[in-house]
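Asker: I'd like to ask some things about the structure below.
The values are calculated or read from the model by the stated rules, or taken from the named source; none is laboratory data. Please read these numbers as outputs of a predicted model, since none were measured by experiment. Please note: Cβ atoms are built from the backbone with ideal geometry, for glycine as well, and neighbour counts cover all protein chains shown. Just the protein is used for accessible areas: all its heavy atoms, side chains included, with ligands, DNA and RNA removed. Shrake-Rupley method; radii C 1.70, N 1.55, O 1.52, S 1.80 Å.
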Amino acid sequence: LINPRTKEVVGQRDARKIMEEIAQGAWKTGDPGMIFIDRLNEGTSNPVPSLGPIEATNPCGEQPLYPFDACNLGSIFLTYFVRETDDGVKSVAWEKLEKTTKLAVRFLDSVIERNPFPLPQVAEIVTAIRRIGLGVGGWADMLIQLGIPYDSEEAVELAGKVMSFINEKGHEASQELAVERGAFPLFTESIHKDQKPIRNSTVTTIAPTGTIGIFADASTGIEPLFAIAFKHYVKTNAVERTLNFFNPLFEKMALGKSWYTEELKEKIVNEGTVSHLEEIPQEVKNAFRTAHDIAPEWHVKMQAAFQKYTDNAVSKTINLPNSATQEDIKKAYLLAYETGCKGITVYRDGCKSVQVLNVGINHRAASGEQLGV
């Protein structure tokens, strides 16, 4: 144990025992998540090291920040970037994605100018480094439209290709803005100082996109579908709210098929997933595999693929079935470190008395108080 102020060793603990306690806590409640703080500080998350070190992230883990730092986040929903030719062949709409990426970077940079900062210290840091975080949502939707299973090497490869493209075009846009508007003021103190001037010290982040995903009628962040039918439940002291969802891509694909009967739809509504239903063709079940159908290592591999091309960090929940063990959680945490992730969050279904997302629309939420949304 090292005192962060004096850098002196003040004690020793058994690392294996601590890891066991972390896994036990995460198995019981979904907490604690884990951040690899050294990795944050060694890489692009720490663009101006003289302002650091970074000691924490925002609550969802995707945004490392300096004291008094802030970052504008925006997300491109990949749901709407699949093109189809006249003969029915689907592919990524790269030209549209490039145009949207560059427009989004300009937009996020402009937001800094319009922000009413709550404290002068925040205004000083934000305007000095101009950190922005452009990310994605609707990743599962894109894979479904392309007919690619989430838990496949093809999906992981495409994840790297999509995010490297957005990161590259985003940095190009920020460099173009530097010509037009100037580089961020601390550019000469930054990790970018020997490169082309750039307007923003960071450009990309992948946020959860939970609420805006609802607005966009799209899957959230880089997550697989949570379920085909699910309930979104929130209870606080101020509000109790329930929203029911049935995946629109599944319904669009299934309508008119001989196997899609009212009886089958009722089954899906009640149970939430389709992987176990014999009536549904295997290729459909492969495309619509949901979070609990996917082995933990595929969740982690996907996060790592996106993290490789993201300046800041990635919000991703490794959703586990209720039957998952503490050993499963330990393996997921260690794999996240080994594959280059900057942090990891796991959640075992049912480990809290009340949870926001519940498989199946007819699921009845348990009693208790839900503090998060």
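Asker: Looking at segment 243-252 only, could you name the residues that are in contact with a Lys or Arg (Cβ under 9 Å, 6 or more places away or on another chain) and either open to solvent by less than 50 Å² (accessible area, probe 1.4 Å) or free of Cβ contacts under 8 Å to residues at least 40 places away in the same chain (or both)? Spell out the reasoning first.
Answerer: Going residue by residue through segment 243-252, those that are in contact with a Lys or Arg (Cβ under 9 Å, 6 or more places away or on another chain) are 243-246, 251.
Those that are in contact with a Lys or Arg (Cβ under 9 Å, 6 or more places away or on another chain) and either open to solvent by less than 50 Å² (accessible area, probe 1.4 Å) or free of Cβ contacts under 8 Å to residues at least 40 places away in the same chain (or both): Leu243, Phe246, Glu251.
Asker: Could I ask something else about it? Can Ile22 be described as part of a helix (DSSP H, G or I), within 20 Å of Lys316 (Cβ to Cβ) and out of contact with any Cys (no Cβ under 8 Å at 6 or more places or on another chain)? First the steps, then the outcome.
Answerer: Details: part of a helix (DSSP H, G or I): yes; within 20 Å of Lys316 (Cβ to Cβ): yes; out of contact with any Cys (no Cβ under 8 Å at 6 or more places or on another chain): yes.
For Ile22, the condition - part of a helix (DSSP H, G or I), within 20 Å of Lys316 (Cβ to Cβ) and out of contact with any Cys (no Cβ under 8 Å at 6 or more places or on another chain) - is met.
Asker: What's the number of the only condition in (1) farther than 16 Å from His171 by Cα; (2) at pLDDT 95 or above that Leu103 fails to meet?
Answerer: It is condition (1) that Leu103 fails.
Asker: Now for a different question. When residues of segment 44-94 are filtered for being closer than 25 Å to Gly138 by Cα, open to solvent by 60 Å² or more (accessible area, probe 1.4 Å), hydrophobic (A, V, I, L, M, F, W, C) and part of a loop (DSSP other than H, G, I, E, B), how many remain?
Answerer: 2
Asker: Filter segment 17-53 down to the residues that are touching a Pro at 6+ places or on another chain (Cβ under 7 Å), touching a residue at least 60 places away in the same chain (Cβ under 8 Å) and farther than 27 Å from Gln195 by Cα and list them by number.
Answerer: Within segment 17-53, Ile22, Ala26 qualify.
Asker: Report, by residue number, each residue of segment 317-373 that is among the small types (Gly, Ala, Ser), closer than 22 Å to Ser275 by Cα, at pLDDT 90 or above and buried (at least 18 other Cβ atoms within 10 Å of the Cβ).
Answerer: First pass over segment 317-373, keeping only residues among the small types (Gly, Ala, Ser): 323-324, 332, 336, 340, 343, 350, 353, 360, 365-368, 372.
Cutting the leftovers down to closer than 22 Å to Ser275 by Cα gives us 323-324, 350, 360.
Those still in the list that are at pLDDT 90 or above too: 323-324.
Ala324 - this is the single residue of segment 317-373 that is among the small types (Gly, Ala, Ser), closer than 22 Å to Ser275 by Cα, at pLDDT 90 or above and buried (at least 18 other Cβ atoms within 10 Å of the Cβ).
Asker: Go through segment 108-136 residue by residue and tally those that are farther than 14 Å from Phe68 by Cα and within 21 Å of the chain's Cα centre (by Cα).
Answerer: So the count comes out to 6.
Asker: Next up: When both residues are 6+ apart or on different chains and their Cβ atoms are under 7 Å apart, which pairs have a first residue that lies in segment 223-242 and is among the charged types (D, E, K, R), and a second that is in a loop (DSSP other than H, G, I, E, B) and buried (at least 24 other Cβ atoms within 10 Å of the Cβ)?
Answerer: As it stands, the answer is Glu223/Lys316, since those pairs meet every condition given.
Asker: Which members of segment 101-158 meet the condition of being open to solvent by 50 Å² or more (accessible area, probe 1.4 Å), closer than 15 Å to Ile198 by Cα and free of Cβ contacts under 8 Å to residues at least 60 places away in the same chain?
Answerer: Selection gives Thr127 alone.
One line per residue, one yes/no per condition, for (1) surrounded by 15 or more Cβ atoms within 10 Å (Cβ to Cβ); (2) closer than 24 Å to Ile294 by Cα; (3) aromatic (Phe, Trp, Tyr):
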{"residue": "Ile212", "(1), (2), (3)": "yes, no, no"}
{"residue": "Phe215", "(1), (2), (3)": "no, no, yes"}
{"residue": "Lys235", "(1), (2), (3)": "yes, no, no"}
{"residue": "Arg241", "(1), (2), (3)": "no, no, no"}
{"residue": "Ala254", "(1), (2), (3)": "yes, yes, no"}
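Asker: Something else now. Kindly list, by first and then second residue, each pair from a residue in segment 200-213 that is in a helix (DSSP H, G or I) to a residue that is of a type in the set (Phe, Trp, Tyr) and open to solvent by 10 Å² or more (accessible area, probe 1.4 Å), limited to pairs with Cβ atoms under 8 Å and residues at least 6 apart or on different chains.
Answerer: Every condition considered, the pairs that remain are Gly213/Phe77.
Asker: How many residues, within segment 173-196, are closer than 20 Å to Cys71 by Cβ and either assigned to a loop (DSSP other than H, G, I, E, B) or among the charged types (D, E, K, R) (or both)? Write out each step before concluding.
Answerer: Of all residues in segment 173-196, those closer than 20 Å to Cys71 by Cβ come to 173-175, 177-178, 181-187, 189-192.
Pick out the ones that are also either assigned to a loop (DSSP other than H, G, I, E, B) or among the charged types (D, E, K, R) (or both) and you get 181-186, 189-192.
Qualifying residue count for the region: 10.
Asker: Residues of segment 278-315 being assigned to a loop (DSSP other than H, G, I, E, B), open to solvent by less than 50 Å² (accessible area, probe 1.4 Å) and more than 26 Å from Glu172 (Cβ to Cβ), which ones?
Answerer: In the first step, residues of segment 278-315 are kept if they are assigned to a loop (DSSP other than H, G, I, E, B); the result is 278-281, 288-290, 294-295, 308-313, 315.
Checking the rest, the ones that are also open to solvent by less than 50 Å² (accessible area, probe 1.4 Å) come to 280-281, 288, 290, 294-295, 310-313, 315.
Correct list: Ile280, Pro281, Phe288, Thr290, Ile294, Ala295.
Asker: So for segment 138-145 (the condition being of a type in the set (A, V, I, L, M, F, W, C), more than 21 Å from Phe77 (Cβ to Cβ), in contact with a Leu (Cβ under 9 Å, 6 or more places away or on another chain) and modelled with pLDDT of 95 or more), does at least one residue qualify? Spell out how you get there, then give the answer.
Answerer: Here is the first cut: in segment 138-145, the ones of a type in the set (A, V, I, L, M, F, W, C) are 139-140, 142-144.
Restricting the remaining residues to those that are more than 21 Å from Phe77 (Cβ to Cβ) gives none.
No: zero hits.
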